[in-house]
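Q: Have a look at this one before I ask anything.
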Amino acid sequence: MASSFLPLCTHPAFSNTSESSFLPKPSQLFLQRRHNQRFKVSCNANKHEKDNLDVVDRRNVLLGLGGLGAANLAPLTANAAPSPPPDFKTCGIATITADGPPVPYTCCHLPMPSNVNTIPYYKLPSMTKVRIRQPAHTVDEEFIAKYNLAISRMKELDEKEPLNPLGFKQQANIHCAYCNGAYKIGEKVLQVHQSWLFFPFHRWYLYFYERMLGKLIDDPTFALPYWNWDLPKGMRLPPMFDREGSPLYDERRNPQVRNGTVMDLGSFGDQVQTTELQLMSNNLTLMYRHMVTNASCPLLFFGGRYVLGSTQGVQGTIEKIPHTPVHIWVGTKKDSILPNGKKSYGEDMGNFYSAALDPVFYCHHSNVDRMWNEWKQIGGKRRDLSQKDWLDSEFFFYDENKNPYLVKVRDCLDTKKMGYDYAPSSTVWRNFKPNKKNTDGKVNTGSLPSATKIFPIFKLDKAISFSINRPASSRTQQEKNEQEELLTFSYIKYDNREYIRFDVFVNVDKNVKADELDKIEYAGSYTSLPHVHKDGDKDHIATATLQLALTELLEDIGLENEETIAVTLVPKKGGEGLSIGCVEIKLEDC
């Protein structure tokens, strides 16, 4: 039977608290209610914990449970509205912050439209031939020559016409402006990551970028390649990007990605000491978990509803992994020394502000975009969102003729109507459902502390195991089809200047082999890429939610009928400065 208390994770008492606020009094945490589908959450702070919070400094509170604002409530049901285009007059200056004085970085050089009030909406042109995006590791020398020429001409514009929107740096600045707090709408910062804006924004971004490259070489059939990292043959940096001296080469990349090194789709900045075969097996498991198991519902795949100005991030499954880890794997290692002798802040692919300065960014995101198409082909409830707040959200871009346009999400749902498609490639990950086990039978949950005694976690610096109750067991197939069972970690807080990664396992203890992900018990991971910050931002605290689907997982492990399960968190990177407010298992409509 479900608890008779409203869970702390979604309690309205937090809706008016500020970023620096402390926990409310324990008496404010629970209200009576009826027919709640969630089990009682496990982060009910007692008076002793509250007293301890009152005496720690503000930074520790922010990294702990400070800032439980309205934007944090109920990630799958938060209020949203269509996101309008940015206010071009309010584009700010970001600063790269690390040890030492902040370094200003301006990413808003895009020319101002002559009249911001009369920018037309873009109409997709009629196409006589669909552009076909090919796997990057299969393209021939003729294509590589065209690609090099197009990028070379785009880079030449940086010197000849610094404000030309077709210029290489101008195109890179688009990502910086939309993703690092430079653009605002009213007084609220616009952010297209960690929400349902992630996929449509990047689709439109690549659409115009691709057409610009074709324009620069007078080839309207030119199509971006896609980095086929979901296929074992493509799990390396595409060779055309590893030729020193070519326009596609970036000297600021992590040198460890060169010469055919097998990549890590769960990268957190450090090399995993394992075999190439195990790494590829891990990669395929990550693809299966984040494209199939954890992406059974649209809002899990696309990300949470976007609330303008929200500091709470609810990433979609593919944005978490492999999107972010590929950025981390390619980007310069933080605090390393660049070839020019300067200190790295996780340059180019390794940081949001600079990611699009590496030509491989667009090849990477081409495959991310392809995952949108592949996901819908899996079937079930995997379909585009229907909410008008998503469909009517808008972005601003220049086209290949330097004309400014507004675009809507609803106009980018069909790539063929946009004039491009993907050459087919094997999706071996669809059949890579883990079948090996870490443990035999059920872990003794009675030997583990309950989640109520573990949360809130103020520092995830070691593996932690706990038991947690489920809202329902032995569900029928119809019930499973109607609602997904979600393991939800809320109020995740961390310093967003750092790389973050932690893994989640079900039905194992702290001795789990954390580098072998191709096991049934692996549930999913949380990852984060560093940001730079707007001038005056001193706290650098990000807030996020992680949701992992349990229905298929519990079937495979054989725990469908259990009322209590064991969960283990394994930190991989940045756990010393990471806290998690609470955990709950709940049933959500897809």
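The values are calculated or read from the model by the stated rules, or taken from the named source; none is laboratory data. Keep in mind it's a predicted model, so treat the numbers as computed, not measured. All Cβ positions, even for glycine, are placed from backbone atoms using ideal geometry, and neighbour counts span all protein chains on display. Side chains included, ligands, DNA and RNA excluded: accessible areas come from the protein's heavy atoms. Shrake-Rupley method; radii C 1.70, N 1.55, O 1.52, S 1.80 Å.
Q: Provide the packing ranking of 575-583, 258-266, 230-238, i.e. peptides ordered by the mean count of other C-beta atoms within 10 Å per residue, highest first.
A: The densest-packed peptide leads the list: 575-583, 230-238, 258-266.
Q: Let me ask you something else. Set the bar at 21 Å for Cα to Cα. Now go through LYS459/LYS510; LYS388/LYS408; LYS233/LYS573; LYS123/LYS381; LYS442/LYS573; LYS320/LYS416 and name every pair that lies beyond it. Write down the numbers at each step before the final one.
A: Values: LYS459/LYS510 16 Å; LYS388/LYS408 11 Å; LYS233/LYS573 28 Å; LYS123/LYS381 30 Å; LYS442/LYS573 29 Å; LYS320/LYS416 27 Å.
As for pairs spanning more than 21 Å Cα to Cα, those are LYS233/LYS573; LYS123/LYS381; LYS442/LYS573; LYS320/LYS416.
Q: Take the alpha carbon gyration tensor of region 116-431, find the square roots of its eigenvalues, order them as a ≥ b ≥ c, and report rounded if a/c is under 1.5; if not, report prolate when a/b exceeds b/c, else oblate. It would help to have the intermediate numbers written out before the result.
A: Numbers: a/c = 1.27, a/b = 1.07, b/c = 1.19.
Rounded, because the longest to shortest axis ratio a/c is under 1.5.
Q: A follow-up question, please. Out of the total accessible area of region 152-297 (probe 1.4 Å, heavy atoms of protein only), what percent is carbon and sulfur?
A: Values: 2390 of 4830 Å².
Solvent-exposed carbon and sulfur of region 152-297 make up 49 percent of the total.
Q: Right, something else. Can you bin region 116-157 into rounded, prolate or oblate? Criterion: square roots of the alpha carbon gyration tensor eigenvalues sorted a ≥ b ≥ c, rounded for a/c under 1.5, prolate for a/b above b/c, oblate for the rest. Write out the running numbers ahead of the final one.
A: Working: a/c = 3.39, a/b = 1.58, b/c = 2.15.
The shape class here is oblate.
Q: Here's another thing I want to ask about it. Do you know the relative contact order of region 445-588, to the nearest whole percent, from alpha carbon pairs under 8 angstrom that are 6+ apart?
A: 48
Q: How do the peptides 206-217, 127-138, 465-476, 437-448 rank, highest first, by the average count of neighbouring beta carbon atoms within 10 Å per residue? Each step should come with its number before you reach the end.
A: Values: 206-217: 21.1, 127-138: 16.1, 465-476: 17.8, 437-448: 14.5.
Top to bottom by mean Cβ count within 10 Å: 206-217, 465-476, 127-138, 437-448.
Q: When ranked by the protection proxy of mean other Cβ atoms within 10 Å per residue, highest first, what sequence do the peptides 114-121, 427-434 form?
A: Going from most to least packed, we get 427-434, 114-121.
Q: For region 110-217, what relative contact order do you get, as a whole percent, if you take Cα pairs closer than 8 Å and at least 6 residues apart?
A: 25
Q: Between the alpha-carbon centers of region 516-531 and region 450-500, tell me the distance in whole angstrom.
A: 13
Q: Per residue, what accessible area does region 354-499 have, given a 1.4 Å probe and all protein chains present, in Å²? Mind showing how you got there, number by number?
A: Values: 5930 Å² over 146 residues.
Value for region 354-499: 41 Å² per residue.
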